[in-house]
Amino acid sequence: MKHTGRFIGAGLLGVALFGGAATTTLSGAGCVTEADRAPRDVACPSEVDWPIVSQVLEKSCGTQDCHGAPARPLRLYGRNGVRLSKDSIVGQGATTADELAQNRDSVCGLEPELMAAVVTGDGDVDTLTVTRKPRLLEAHKGGRVWLDASPGWTCFQSWLDGAVDQAACEADLQLP
């Protein structure tokens with residue numbers, strides 16, 4: 001089942017199209033406004049099986065030298081990287097519900113229009129940066145994370161397709 005998720009936007013650049021001409025505006029000369037932080041509806045695959053999918057991403061990509069760093073556009077919170085709460089300690093405790101929600105928002109909000117097309121079946125998963133980079137279909141500082149037949153890729157792709165392959169997710173989590 002596919003549905004809409006919530007995304008907290010922090011975009012500074014807004015583009016409005018008027019009669020075919022594009023006009024670009026900056027919000028507050030580089031300042032993030034309350035309107036920029038307001039939740040926006042973004043199409044996102046189901047959150048039901050997201051916890052295991054997030055664990056796969058956190059394991060492969062969520063370390064502090066990768067997407068577990070606060071400055072990354074695709075930010076993953078969890079035990080291996082940055083924690084959302086000052087009370088949580090890196091390397092200890094499970095990923096919290098708030099961290100899981102932020103991870104999902106980060107994945108779905110990275111390219112919201114493309115994600116919406118994938119979720120509705122109108123787009124190919126390979127249009128998403130989050131699927132191209134870890135398979136080196138596009139340059140990725142972190143190198144190849146998944147082969148097309150790897151359990152991690154199968155887990156993530158199955159989530160995007162709307163039916164999580166639990167066995168693939170569990171198999172990936174068992175790999176060193």
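Values in this text are rule-based calculations from the coordinates and carry no lab data. Just so it is clear, the structure is predicted and the values come from calculations on it, not from any experiment. Every residue, glycine among them, receives a Cβ derived from its backbone with ideal geometry; neighbour counts consider all protein chains shown.
Using a Förster distance of 25 angstrom, determine the FRET efficiency expected from the C-beta separation of Gln166 and Glu47, and round it to 0.05. Don't jump to the answer; show the numbers that get you there.
Numbers: r = 15 Å, r/R0 = 0.61.
According to the calculation, E is roughly 0.95.
Gap in Å between the Cα centre of the stretch 93-165 and the Cα centre of the stretch 48-75?
Computed from Cα coordinates, the inter-centre distance equals 10 Å.
How would Glu99, Glu111, Glu138 line up from fewest to most surrounding beta-carbon atoms within 10 angstrom? Write down the numbers at each step before the final one.
Working: Glu99 24, Glu111 18, Glu138 11.
With the fewest neighbours first, Glu99, Glu111, Glu138 line up as Glu138, Glu111, Glu99.
Which shape class, rounded, prolate or oblate, goes with the stretch 47-174 when its Cα gyration tensor gives a ≥ b ≥ c as root eigenvalues, a/c under 1.5 marks rounded, and past that a/b bigger than b/c marks prolate?
On the way: a/c = 1.45, a/b = 1.41, b/c = 1.03.
Cα axes put the stretch 47-174 in the rounded bin.
Could you work out how far apart the two model spin labels at His140 and Ala71 are, taking each label as a point 7 Å from the Cα in the direction of the beta carbon, and quote it in nm?
The two pseudo-label positions are separated by 2.2 nm.
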